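Take a look at the structure set out below.
The values are calculated or read from the model by the stated rules, or taken from the named source; none is laboratory data. Just so we're clear, the structure is a prediction, and the values are computed from it rather than from any experiment. Using ideal geometry, Cβ is built from the backbone for each residue, glycine included, and neighbour counts are taken over all protein chains shown.
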Amino acid sequence: MAPHLIRIIGDPVLTQRATEVTNVDGAFAKLVQDMFGTMYEAPGVGLAAPQIGVQKRFFVFDYDDEPGVIINPVIVETRGEAEFSEGCLSIPGLHFDIVRPAEIHVKGYDLDGNELDLELDDFASRVFQHEIDHLEGILMEKHLTAEQLAEARSTLRELRALGVGQLPEPEVGVGRFRIL
Ligand code: ZN
């Protein structure tokens, strides 16, 4: 089927906390498959359910050619600090250097109900933190400095004036900058 529409900043679904997934059935598996299609077409390396208007706690990812999905993810521990340039499919045209914990310990479930217990660092850690933020209703603008936020607001105004359909193609895979 055609990819889902990706919700853009300003859409209230992006700022509400998603609820736990309680029922993993065939329809859910199909939704996950559709989300991969939407993510690849965007293109991005991570896509959280609220970004397609589904207020459930799961996201799909593919940052190293190993596609995966995690359901009801929880960060149980964080360590260190790292700065990465982040972009977001829901805030097209913007990317910023953002400081977050460097390493995370995450638990969750896969589609078969197996528990996932992951120690992540580097870019994987960043992807997971960004997507888990989406499940909390937090967009990356919440992590910007006052200066970055002022720049973001000005750029967003310009982008809105252009119309979202005329945004420049996001740069994907340039250096460490990825769209999440
Ligand atoms: Zn995002």
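Residue by residue, here is whether (1) hydrophobic (A, V, I, L, M, F, W, C); (2) touching a Lys or Arg at 6+ places or on another chain (Cβ under 9 Å); (3) more than 21 Å from residue 15 (Cα to Cα) holds:
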| site | (1), (2), (3) |
| --- | --- |
| 34 | no, no, yes |
| 49 | yes, yes, no |
| 52 | yes, yes, no |
| 72 | no, yes, no |
### Query
Do any strands (runs of 3 or more DSSP E) entirely within the stretch 1-105 hold 3 or more residues that are surrounded by fewer than 15 Cβ atoms within 10 Å (Cβ to Cβ) and modelled with pLDDT of 90 or more, and if so, which?
68-79
### Query
Got a sec? Which of 70, 104 is within 16 Å of the ligand (Cβ to nearest atom) and within 29 Å of residue 29 (Cα to Cα)?
70
### Query
Which of the residues spanning the stretch 152-165 are exposed (fewer than 14 other Cβ atoms within 10 Å of the Cβ) and either assigned to a helix (DSSP H, G or I) or touching a helix residue (DSSP H, G or I) at 6+ places or on another chain (Cβ under 9 Å) (or both)?
153, 154, 155, 157, 158, 160, 161, 162, 164, 165
### Single unsatisfied condition, residue 27 versus (1) more than 21 Å from residue 136 (Cβ to Cβ); (2) touching a residue at least 12 places away in the same chain (Cβ under 8 Å); (3) hydrophobic (A, V, I, L, M, F, W, C)
(2)
### Single condition residue 59 does not satisfy, out of (1) over 30 Å from residue 157 (Cβ atoms); (2) within 16 Å of the ligand (Cβ to nearest atom)
(1)
#### Entry: Matching residues in the stretch 121-180 - criterion: being at pLDDT 95 or above and among the hydroxyl-bearing types (Ser, Thr, Tyr)
125
### Scan of the stretch 106-120 for residues that are buried (at least 16 other Cβ atoms within 10 Å of the Cβ) and either modelled with pLDDT under 95 or under 12 Å from residue 72 (Cα atoms) (or both), ordered by number
106, 108, 109
### Message
Could you go through the stretch 82-98 and let me know if any residue there is more than 16 Å from the ligand (Cβ to nearest atom) and aromatic (Phe, Trp, Tyr).
### Response
no
#### Entry: Members of the stretch 121-140 found to be surrounded by 17 or more Cβ atoms within 10 Å (Cβ to Cβ), more than 10 Å from the chain's Cα centre (by Cα) and touching a residue at least 60 places away in the same chain (Cβ under 8 Å), listed by number
124
